[in-house]
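Peer 1: I have a structure here, written as C-alpha cells, and I will follow up with some questions on it.
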Amino acid sequence: MKFLKFETYDELSTAAANIIASQIILKENCVLGLATGSSPVGTYKKLIEKCDKGELDFGAVTSVNLDEYIGLDGSNDQSYRYFMNTNLFNHVNIDKEKTFVPGGCAEDLAAEGAAYDKLIEDLGGIDLQLLGIGLDGHIGFNEPDSVFTKETHVVDLHESTIKANARFFANEDEVPKKAITMGMGAIMKAKRVLLVANGKAKWDILEKAFFGPITPEVPASILQLHPDVTVIYSEN
Ligand code: F6R
C-alpha cells in the first residue's frame, strides 16, 4: 500500500490524473473503474487537459462506474451517469458506448446487478479502480454493514451519506435513499486501486480504514488485503 500526501487539492488531482494517464499508456484498451462525488472532479479536469493537449487518448478505453442512485435516469442532472458525462465523458475522446454505469431505473434491479457483474467479468475485470471514501468508510456505496457484499447490489444509503450528499441537491429530502453499487468482488479483483481523499475531514476515516481492523463496519478496510492500492490524500 502506498500513501501519497499533498498539500492542495490541485496537487492531489494532478497526481491522481498522472496515475490514470500512466494506466492508459500502459494498456490503451484498459478498463477503468470510475467514481463520482467531489473528490475525483479535479482529477477528471486534469485528464481533460491532457486530452486537449493531445497527451492522452481515451479512444480504446472502457469504463465502468461504481454506482448510481435508484430512480434517477441518465437525463436527471443528479444522476451519476449525468455527472460522468458532464465531468469527463463529454470532454474526452472516449466512446460513450463503452462507458457503463449501473442502471438505477432498471425494472429488475437484482438482474441489473447480476448483468453488471457479468459485464465486468466479460471485460476481463477492471485494470484500475478509482475510489473516493465516505466519512463512514463506504467505497462505492458499500455502506457499513455486518458483512462485505461481493456482488453488485441495492443498498439503503446511511443517514450520514444522505446528509453528506445533500450538498448536491436542493435539500436533504431530495437525496435518493437507495443506490445500486458495485460490490466488493469487482473492486477487490481490480488489478490496481487508486483512492483519493481530499482534505483533513477524511483523515480520521483513512486511519480507521487502513490502520484499524478489517471489518465490514468500515467497508474500505477490506482494501488492506488488496495487493496494489495507492491512497492519495491532501491537507486542504
Ligand atoms: C461515488 C462513490 C462514493 C464517493 C464517496 C466520497 O461514486 O462511490 O463512494 O466516492 O461518497 O464522496 P466525496 O468525494 O464527495 O467526498
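The values are calculated or read from the model by the stated rules, or taken from the named source; none is laboratory data. All values reported here derive from a predicted model rather than from experimental measurement. Glycine gets a Cβ as well: all are built from the backbone with ideal geometry, and neighbour counts include every protein chain shown.
Peer 1: Taking Gly140 and the conditions (1) small (Gly, Ala, Ser); (2) farther than 30 Å from Glu207 by Cβ; (3) within 15 Å of the ligand (Cβ to nearest atom), which numbered condition does it fall short on, given that it satisfies the others?
Peer 2: (2)
Peer 1: Any residue at all in segment 45-55 that's of a type in the set (Gly, Ala, Ser), in contact with a Phe, Trp or Tyr (Cβ under 9 Å, 6 or more places away or on another chain) and modelled with pLDDT of 95 or more?
Peer 2: There is no residue in segment 45-55 that is of a type in the set (Gly, Ala, Ser), in contact with a Phe, Trp or Tyr (Cβ under 9 Å, 6 or more places away or on another chain) and modelled with pLDDT of 95 or more.
Peer 1: Of the residues Leu88, Leu56, which is within 18 Å of the chain's Cα centre (by Cα) and either away from the ligand (no atom under 16 Å from the Cβ) or closer than 27 Å to Asn165 by Cβ (or both)?
Peer 2: Leu88
Peer 1: Something else: Go over the candidates Glu121, Glu235, Glu151, Glu207 one by one and state the one that is on the phi < 0 side of the Ramachandran plot and modelled with pLDDT under 95.
Peer 2: Glu235
Peer 1: Ok, one more. So Asp173 clears everything in (1) surrounded by 14 or more Cβ atoms within 10 Å (Cβ to Cβ); (2) free of Cβ contacts under 8 Å to residues at least 60 places away in the same chain; (3) more than 14 Å from Gln129 (Cα to Cα) except one condition, right? Which one?
Peer 2: That leaves (1) as the condition not met.
Peer 1: Which of the residues that make up segment 1-25 are of a type in the set (A, V, I, L, M, F, W, C) and touching a residue at least 40 places away in the same chain (Cβ under 8 Å)?
Peer 2: Met1, Phe3, Leu4, Phe6, Leu12, Ala15, Ala16, Ile19, Ile20
Peer 1: I want to confirm something. Restricting to segment 150-164 and keeping residues that are within 14 Å of the ligand (Cβ to nearest atom) and assigned to a loop (DSSP other than H, G, I, E, B), which single residue is nearest to Lys118 (Cα to Cα)?
Peer 2: The selected residue is Thr152.
Peer 1: Also, I was wondering about something else. Kindly indicate the residue of segment 166-225 that is within 26 Å of Thr8 (Cβ to Cβ) and among the acidic types (Asp, Glu) and also nearest to the ligand (Cβ to nearest atom) among those meeting that condition.
Peer 2: Going through the qualifying residues, I end up with Asp204.
Peer 1: Under 9 Å by Cβ, and 6 or more places apart or on different chains, what pairs join a residue from segment 194-208 that is more than 26 Å from Asn65 (Cβ to Cβ) with one that is not charged (D, E, K, R)?
Peer 2: From segment 194-208, the pairs are Lys200/Ser234; Lys200/Asn236; Trp203/Ala197; Trp203/Tyr233; Asp204/Leu135.
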